[in-house]
Amino acid sequence: MFIHKPTGLKFKTKPWKHQLEALKFLINQGFGALYTDMGSGKTKVMVDLINNAGYNKVLIVAPKKVCRVWPKEFLTHSLDQNICVLSLENLSGEKKCSELIKAENLHQRIVAVVNYDSVWREPFRSLVLKTKWDACICDESHRIKTPSAKCSRMLAL
């Protein structure tokens, strides 16, 4: 474990300088966007944010191809290996709902990973809107740049 002494932030894997700066910015602001190049470690910053901010319920929305990356990144970078990372991208709407409800009933820290094409579809949409999320992370957020699109409108709620 690596502890950044001036801030008290804890890490499983040592962050690069720009990752530490991004994490400090996000923790202090409570919201933000990381517009950095591919391979610059944005996913690690988000994993570190979830761990250091103490979030218990996080929704991650990503393109379908990217969804499968998130569980591996939690194994690599998360101090808390008891976080329940739910890969929901290949499940039906009903199955997404039942998996999320099952995890909530176990009172675990939950990270639900779902794709942009399904987060706005019923019945999962209603469950997402009823759930009290600590954070919502939009990976490759250019996917919601059109304000009138169903997914953009849903995530704006």
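The values are calculated or read from the model by the stated rules, or taken from the named source; none is laboratory data. The shown structure was predicted, so the numbers you read here are calculated from the model rather than taken from an experiment. Cβ placement follows ideal geometry from the backbone for every residue including glycine, while neighbour counts extend to all protein chains displayed. We work out accessible area using only protein heavy atoms, side chains counted, and drop any ligands, DNA or RNA first. Shrake-Rupley method; radii C 1.70, N 1.55, O 1.52, S 1.80 Å.
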Counting only residues 5 or more apart in sequence or on a different chain, those whose built amide H sits under 5 Å from that of Leu86 are Val111, Ala112, Val113
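Give me the Kirkwood hydrodynamic radius of the chain, using the inverse of the mean 1/r over all pairs of distinct Cα atoms, in Å to one decimal. Spell out each step's value before the answer.
On the way: mean 1/r = 0.0620 Å⁻¹.
Computed over Cα pairs of the chain, the Kirkwood hydrodynamic radius comes out at 16.1 Å.
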Which value in nm describes the separation of the simple spin-label points at Lys145 and Arg68, placed 7 Å from the Cα toward the beta carbon? 2.7
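Shape of the stretch 1-52 from its Cα gyration tensor (a ≥ b ≥ c, root eigenvalues): rounded if a/c is under 1.5, otherwise prolate when a/b > b/c, or oblate?
Taking the square roots of the gyration eigenvalues as a ≥ b ≥ c, the stretch 1-52 is oblate.
Stokes-Einstein D for the stretch 61-143 at 4 °C, 1.567 mPa s, Kirkwood Rh over Cα pairs, in µm²/s? Walk me through the intermediate numbers first.
Numbers: Rh = 13.1 Å.
Result for D is 99 µm²/s.
If the limit is 29 Å between Cα atoms, which of Lys95/Lys132; Lys10/Lys57; Lys72/Lys145; Lys44/Lys132; Lys102/Lys145; Lys5/Lys57 go over it?
Details: Lys95/Lys132 20 Å; Lys10/Lys57 19 Å; Lys72/Lys145 27 Å; Lys44/Lys132 24 Å; Lys102/Lys145 32 Å; Lys5/Lys57 27 Å.
Listed pairs above 29 Å: Lys102/Lys145.
Need the full-extension length gain, Tyr35 to Ile3, defined as separation in residues times 0.36 nm minus the C-alpha distance. One decimal, nm. List each step's numbers first, then the result.
Working: separation 32, 0.36 × 32 = 11.52 nm, distance 2.56 nm.
Once the chain is fully extended between Tyr35 and Ile3, it gains 9.0 nm.
Could you pull out the longest piece of the chain with no exposed loop chymotrypsin sites (Phe, Trp or Tyr not before Pro) in it, calling a site exposed if DSSP puts it outside H, G, I, E, B and it has at most 11 other Cβ atoms within 10 Å?
36-157
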For the stretch 59-157, which trypsin sites (Lys or Arg not before Pro) are in a loop by DSSP, counting at most 12 other Cβ atoms within 10 Å? Lys132, Lys145
222 nm [θ] for the chain, helices only, -39500 (n - 2.57) per DSSP H run of 4+, per residue, to 500? -12000 deg cm²/dmol
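Suppose R0 equals 30 Å. What FRET efficiency, 1/(1 + (r/R0)^6) with r the Cβ-Cβ distance, do Lys24 and Gln108 give to the nearest 0.05?
Values: r = 27 Å, r/R0 = 0.91.
Approximately 0.65, to the nearest 0.05.
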Could you work out the relative contact order of the stretch 57-135, using alpha carbon pairs under 8 angstrom and six or more residues apart, expressed as a whole percent? 46
All aspartates and glutamates inside 12 Å of Lys14 as judged from Cα atoms, apart from same-chain residues fewer than 8 positions distant: Asp48
Provide the solvent-accessible area of Val58, counting protein heavy atoms only and rolling a 1.4 Å probe, rounded to the nearest 10 Å². 0
Whenever you get a sec, compute what percent of the accessible area on the chain sits on carbon and sulfur atoms (1.4 Å probe). 54
Acute angle (nearest 10 degrees) that the helix 17-29 long axis makes with the longest principal axis of the chain, alpha-carbon atoms: 60
Pull out the extension gain between Leu75 and Asp117, defined as 0.36 nm times the separation in residues minus the alpha carbon to alpha carbon distance; nm, one decimal. 12.6 nm
The stretch 4-13 - phi-based ³J(HN,Hα) in whole Hz, Karplus 6.51/-1.76/1.60, Gly and Pro as x: 7, 4, x, 9, x, 5, 10, 9, 7, 10
